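A short worksheet on the structure shown next.
Rule-based calculations on the coordinates, nothing more; no lab input. These numbers come from a predicted model, not from an experiment. Please note: Cβ atoms are built from the backbone with ideal geometry, for glycine as well, and neighbour counts cover all protein chains shown.
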Amino acid sequence: MNNFGTGKTLREASPYLRDAAERHTRILEVAERDSIIEGLPPFTDEIRSRLREQLEAMSNSEPLSKPVE
C-alpha cells in the first residue's frame, strides 16, 4: 500500500510554484482560461485584483511546509 503525503509538497517539488506571485499569476491564468472555455467573459481588472487578494490571503494562512512527525 502506498503511503501518500510523505514526500515533498507540490510547492517544494515544483520550482515555479515556490514564488507566490508567480504561483498566483499561473492560477489566475488557468482559472481565466477555463472560464472562457466554459463561455464566461474574460476577467476584468477588478475581478483579477480581487481574486489575487483572495489568493494572497489564502497563501498567508497556509503552512509553508509539512509538520514533522
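Values computed for the structure shown
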quantity	calculated
Footprinting exposure proxy for L17, L55 (fewest neighbouring C-beta atoms within 10 Å first)	L17, L55
Computed Kirkwood radius, in angstrom, where 1/r is averaged over Cα pairs of segment 13-61	11.5
Estimated distance in nm for a label pair at L10 and V30, the labels positioned 7 Å out from Cα along Cα-to-Cβ	0.5
